[in-house]
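Here the structure comes first, spelled out in structure tokens, and everything after it is commentary.
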Amino acid sequence: GAGVSQTPSNKVTEKGKYVELRCDPISGHTALYWYRQSLGQGPEFLIYFQGTGAADDSGLPNDRFFAVRPEGSVSTLKIQRTERGDSAVYLCASSTTSVGQETQYFGPGTRLLVL
Amino acid sequence: AQSVAQPEDQVNVAEGNPLTVKCTYSVSGNPYLFWYVQYPNRGLQFLLKYITGDNLVKGSYGFEAEFNKSQTSFHLKKPSALVSDSALYFCAVRDSTGTYKYIFGTGTRLKVLA
């Protein structure tokens, strides 16, 4: 079956611009996660959705970052006034939330480069 | 606050030898522990997890991990390494009493030498 997909696969933008990154989770997965992975680091938690609501957004670095999941499926991560330090691979993952079944399935990521 | 540590940036092992990749964690409640692998230019793939039950967990590709509560560790092991096991390995933890917020380690690069 189809896995988690993310678009675009690569995004180059200029400092100060606005970007949107999209994630299509596995059908039926109620949980959706966004992570940021910088070079040589592990995935850094940004936000977790349970259905349409953000259950935990404690990882968002500042108010330039925002994410939505209006219909409980596709999610969009939005970054305003991008900075060079935002350059990273942004990963999306989805899972069920049944205890013991919470394996996360990751997408291929969006590589963001802010010039 | 929850945290996870992978003390080795890189582990080198000869093909056919046993391998161990180390992970220690800190959580307030009971830990849910995971190992993921990342191959070059590919996404993170699930290997195995410990939620409850037997301390020895078996996963994909012949990997296993042992949950040790007293040492707060969850080391990844394989009895006989393959060159194709060479990749980047990440340990992750979630506090069972918290939200579904996962903390990942910084990763350990495994290099299996022919």
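The values are calculated or read from the model by the stated rules, or taken from the named source; none is laboratory data. Everything numeric here is computed off the predicted structure, so don't read it as measured data. When we count neighbours, we look across all protein chains shown, and the Cβ atoms used for this are built from the backbone with ideal geometry, even at glycine. When the accessible area is computed, the model is the full protein with side chains, heavy atoms only, and any ligands, DNA or RNA have been set aside. Shrake-Rupley method; radii C 1.70, N 1.55, O 1.52, S 1.80 Å.
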Could you identify the single residue in A:LEU113, A:LEU21, A:LEU91 that is within 14 Å of another protein chain (Cβ to nearest Cβ), modelled with pLDDT of 95 or more and either surrounded by fewer than 16 Cβ atoms within 10 Å (Cβ to Cβ) or not in a loop (DSSP other than H, G, I, E, B) (or both)?
A:LEU91
Would you tally the residues in the range B:57-114 being in contact with a Leu (Cβ under 7 Å, 6 or more places away or on another chain) and β-branched (Val, Ile, Thr)?
3
Check the range B:42-65 and report whether any residue there is surrounded by 21 or more Cβ atoms within 10 Å (Cβ to Cβ), within 11 Å of chain A (Cβ to nearest Cβ) and touching a Cys at 6+ places or on another chain (Cβ under 7 Å).
no
Of all residues being in contact with a Gly (Cβ under 9 Å, 6 or more places away or on another chain) and open to solvent by 30 Å² or more (accessible area, probe 1.4 Å) in the range A:94-110, which is farthest from the other protein chains (Cβ to nearest Cβ)? Just the residue, please.
A:THR96
Tell me which residues, restricted to the range B:26-41, are touching a strand residue (DSSP E or B) at 6+ places or on another chain (Cβ under 9 Å), within 17 Å of A:PRO43 (Cβ to Cβ) and open to solvent by 20 Å² or more (accessible area, probe 1.4 Å).
B:TYR32, B:GLN38, B:TYR39, B:PRO40
Determine whether A:ASP57 is within 17 Å of B:LYS101 (Cα to Cα), charged (D, E, K, R) and more than 8 Å from chain B (Cβ to nearest Cβ).
yes
Which condition number in (1) open to solvent by 70 Å² or more (accessible area, probe 1.4 Å); (2) more than 10 Å from chain B (Cβ to nearest Cβ); (3) not aliphatic (A, V, I, L, M) is the one that A:GLU44 fails?
(2)
Would you mind finding the one in B:THR72, B:THR99 that is open to solvent by 40 Å² or more (accessible area, probe 1.4 Å), β-branched (Val, Ile, Thr) and within 14 Å of another protein chain (Cβ to nearest Cβ)?
B:THR99
When B:GLN10 is run through (1) under 30 Å from A:THR30 (Cβ atoms); (2) open to solvent by 60 Å² or more (accessible area, probe 1.4 Å), the failure sits at (1)
